[in-house]
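The values are calculated or read from the model by the stated rules, or taken from the named source; none is laboratory data. Because the structure is predicted, anything quoted here is derived from the model rather than measured. Positions of Cβ are generated from backbone atoms using ideal geometry, with glycine treated the same way; all protein chains shown enter the neighbour counts.
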Amino acid sequence: MSTRKTTNRRAVRYHVLVLDDADRTVDAVRRLRRDGFDLHDVYTPFAVHELDVEMGLPPTRLPWMTLVGGTLGVTLGLGFQAWTATSSWPLNIGGKTDLALPALAPVTFESAVLLAALFSVATLFVASRLFPRGRPPSQPIAAVTDDRFAIVVREADAAFDPGKLAGVANEVGADPFIESWKVE
């Protein structure tokens with residue numbers, strides 16, 4: 001008997017609207033969502049802060065993971081220094097106490113910053129799935145990394161109206177859009 005897993009793969013059609021301005025891109029995303037289009041993704045050459053809200057994305061976990069990393073850095077940095085100064089290698093310098101907290105502040109701060117940054121980068125890589133996959137990343141158009149903005153609209157069902165999308169693209173000032181197919 002075969003235990004072969006069958007998958008229902010189907011071809012999905014995508015439409016890419018290309019714009020040249022961040023504000024017009026945000027307005028276009030707002031308009032497309034209001035008109036009921038299914039936005040797959042938006043590609044930008046730099047961060048546009050309003051897009052996550054306009055696309056309806058959930059809040060990111062990145063600040064929380066940065067806090068966890070910073071707290072772990074403070075704990076490990078201060079704990080290691082306290083252990084070293086009191087039990088592993090205690091030194092009596094000028095009659096000061098073994099655990100002089102003001103002297104431990106710079107290393108504690110730097111270890112907090114280091115681990116907060118490492119946790120932030122690791123969380124970003126995991127959340128964005130930026131790990132090696134064996135194939136090169138793809139962009140809808142090459143100019144996205146230079147000066148263009150691309151909105152990828154997914155044709156969700158048979159009720160999708162390409163004419164309506166073309167009208168919205170014309171109203172928001174998008175370049176002629178690109179159609180493509182992808183097997184999911």
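Structure notes:
To keep it simple, each residue is scored yes or no on (1) of a type outside the set (A, V, I, L, M); (2) surrounded by 15 or more Cβ atoms within 10 Å (Cβ to Cβ); (3) in contact with a Leu (Cβ under 9 Å, 6 or more places away or on another chain); (4) modelled with pLDDT of 85 or more.
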{"site": "T145", "(1), (2), (3), (4)": "yes, no, no, no"}
{"site": "V153", "(1), (2), (3), (4)": "no, yes, yes, yes"}
{"site": "A158", "(1), (2), (3), (4)": "no, no, no, no"}
{"site": "D161", "(1), (2), (3), (4)": "yes, no, no, no"}
{"site": "G167", "(1), (2), (3), (4)": "yes, no, no, yes"}
{"site": "E171", "(1), (2), (3), (4)": "yes, no, no, yes"}
{"site": "A174", "(1), (2), (3), (4)": "no, yes, yes, no"}
{"site": "I178", "(1), (2), (3), (4)": "no, no, yes, no"}
{"site": "K182", "(1), (2), (3), (4)": "yes, no, no, no"}
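- Candidates L72, L114, L78, L124: the one that is farther than 24 Å from A11 by Cβ, touching a Gly at 6+ places or on another chain (Cβ under 9 Å) and in a helix (DSSP H, G or I) is L114.
- Residue match in segment 129-146 (condition: closer than 19 Å to D41 by Cβ and of a type in the set (D, E)): yes
Results for (1) under 18 Å from the mean Cα position of the chain (by Cα); (2) exposed (fewer than 12 other Cβ atoms within 10 Å of the Cβ); (3) not small (G, A, S), shown as yes or no for each residue.
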| position | (1), (2), (3) |
| --- | --- |
| D41 | yes, no, yes |
| T44 | yes, no, yes |
| L51 | yes, no, yes |
| G56 | yes, yes, no |
| T60 | yes, no, yes |
| M65 | yes, no, yes |
| T71 | no, no, yes |
| T84 | no, no, yes |
| V113 | no, no, yes |
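- Pair list, Cβ < 8 Å and 6+ apart or interchain, from segment 67-89 residues that are in the same structural domain as L118 (by TED's automatic domain parsing) to residues that are surrounded by 16 or more Cβ atoms within 10 Å (Cβ to Cβ) and of a type in the set (F, W, Y): V68/F119; G69/F119; G70/F119; L72/F119
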